[in-house]
Amino acid sequence: MLVFSFITVSYVLANYYFFFKLTHVIHIGTPFSIVLGLCVFIMTLSPALIPVYSHRSSEKSLRAISYIAYMWLAFLVIFFPTGVILDLYNLIVQMSHSVMDESLSGRMISAEKTLFFPMLLSLAINIYGFFEARYLGIEHLVMPTTKLPPGVDKVRIAQISDLHLGIIVRDSLLKKVVRKLNAESPDIVVSTGDLVDGTTRHIRHLTEIFKDIQSPLGSYAVMGNHEIYGGVEETAGFVEDAGFTLLRGKGVTVNNMINIAGVDFKGGETGKSTHASSQEPESEMLSKLPESLYTILLKHGANTDTASLGRFDLQLSGHTHKGQIFPMTLATMFMFQYHSGFTKLPKGSAIHVSRGTGTSGPPIRFLSRPEITIIDIVREK
């Protein structure tokens, strides 16, 4: 809930800030200011209205509305903090002038520059970020263990997370993901939540593409917050039709080689949903799995349950996107218990948090390259 509230308040302030800057630098008169204000107000509401449009609009109109709304959001993510920094600089110069009693006007940044420089910078970064979001990288993680059974020297797991299939992330990226997965020859493929971005109305055909994934020991998934937004029954059906075994508060032992367990996302963003209310405590669920085998815990949220430490060897998570667009990274790194990458935990456990494979909202990434994670569980020598 904290993350959602922060993003909402920041977004509303950024829209007001843009309107304020534009009308004070460019004097366009009252009638045009009113029209501009209405346009900014509509753009402010547009991302929140997309879920409503998704159940009613045609695919073409929904995609156009989504691109406009989300690209506007991405523009403000860069414009807002850059403009504020320049305005704070001018404020400091003005305060220094009053204290030092000497003219520092020559060091002030003009009002025009405090408007147009952030605009141009935002446009440039978002153009770059559009291509960075498509530069899908492979992260490798090697986990030595004594828990592999005799005759098994390595189990390779491929993790995808936060793909956010929907009106923007579609066929082309999914086909690229499947190609890269198969090129790594994983034994098991896992999805750590947000495989879909809410409703599956326009993407049901994508389940056929998933069937090209080659994972001899199966594919497993858990529910993220966006699956819950889209309706648990609808999105769970999509995930299962895509060939994943959905782990909702349960664990399985795969071919007597390795344990894989999973839990639903739990957090304030999902409101009063009772999706996880009937699931037994995570630590109790894990305690029922064979202790002699290596245990993977799939959990969308990048947080750990203290009672579960020592009951799993590696937790795979997502959700954070590592901020997705810098400088959002500076905010999200304080919002999540674990932000990105690999971290050792007490009692022999560890966690890896994926930056995500797709994009949520704007089809933009800046200083947060998307990833597929390849985890090799190898026999310790």
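The values are calculated or read from the model by the stated rules, or taken from the named source; none is laboratory data. Remember, predicted model here, so these are calculated numbers, not experimental data. FYI the Cβ positions are ideal-geometry reconstructions off the backbone, even for glycines, and counts take in every protein chain you see.
Would you mind stating whether ILE325 is within 30 Å of LEU367 (Cα to Cα), crowded, with 23+ Cβ neighbours inside 10 Å and in contact with an Asp or Glu (Cβ under 9 Å, 6 or more places away or on another chain)? Step through it out loud before you land on a result.
Numbers: within 30 Å of LEU367 (Cα to Cα): yes; crowded, with 23+ Cβ neighbours inside 10 Å: yes; in contact with an Asp or Glu (Cβ under 9 Å, 6 or more places away or on another chain): no.
Criteria not met by ILE325.
Take the residues in segment 59-69 that are within 28 Å of LEU120 (Cα to Cα) and of a type outside the set (Gly, Ala, Ser), then tell me which one is surrounded by the most Cβ atoms within 10 Å (Cβ to Cβ).
Checked segment 59-69; the qualifying residue surrounded by the most Cβ atoms within 10 Å (Cβ to Cβ) is LEU62.
Checking THR306 against (1) surrounded by fewer than 16 Cβ atoms within 10 Å (Cβ to Cβ); (2) β-branched (Val, Ile, Thr); (3) in contact (Cβ under 8 Å) with a residue 12 or more places away in the chain: exactly one of these is not met. Which one?
Condition not satisfied by THR306: (3).
What number of residues within segment 173-205 are among the polar types (S, T, N, Q) and at pLDDT below 95?
Kept after step one, since they are among the polar types (S, T, N, Q), are these residues of segment 173-205: 182, 185, 191-192, 199-200.
Keeping just the survivors that are at pLDDT below 95 gives 199-200.
Looking only at that region, the number is 2.
For a quick check of your reading of the model, give me the residue pairs whose first member lies in segment 165-183 and is over 19 Å from GLU227 (Cα atoms), whose second is polar (S, T, N, Q), with beta-carbon atoms closer than 7 Å and at least 6 apart or on different chains.
Pairs that qualify, where the first residue is over 19 Å from GLU227 (Cα atoms) and the partner is polar (S, T, N, Q), are VAL177/THR357; ASN182/GLN214.
So SER360 ticks every box in (1) farther than 17 Å from MET143 by Cβ; (2) crowded, with 23+ Cβ neighbours inside 10 Å; (3) hydroxyl-bearing (Ser, Thr, Tyr) but one. Which box is left unticked?
(2)
Okay, residues lined up against (1) assigned by TED's automatic domain parsing to the domain that holds LEU115; (2) surrounded by 13 or more Cβ atoms within 10 Å (Cβ to Cβ); (3) touching a Gly at 6+ places or on another chain (Cβ under 9 Å); (4) over 23 Å from MET108 (Cβ atoms):
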site: VAL52; (1), (2), (3), (4): yes, no, no, yes
site: SER57; (1), (2), (3), (4): yes, yes, no, yes
site: MET71; (1), (2), (3), (4): yes, yes, no, yes
site: PHE80; (1), (2), (3), (4): yes, yes, no, no
site: GLY83; (1), (2), (3), (4): yes, yes, no, no
site: ASP87; (1), (2), (3), (4): yes, yes, no, no
site: ASN90; (1), (2), (3), (4): yes, yes, no, no
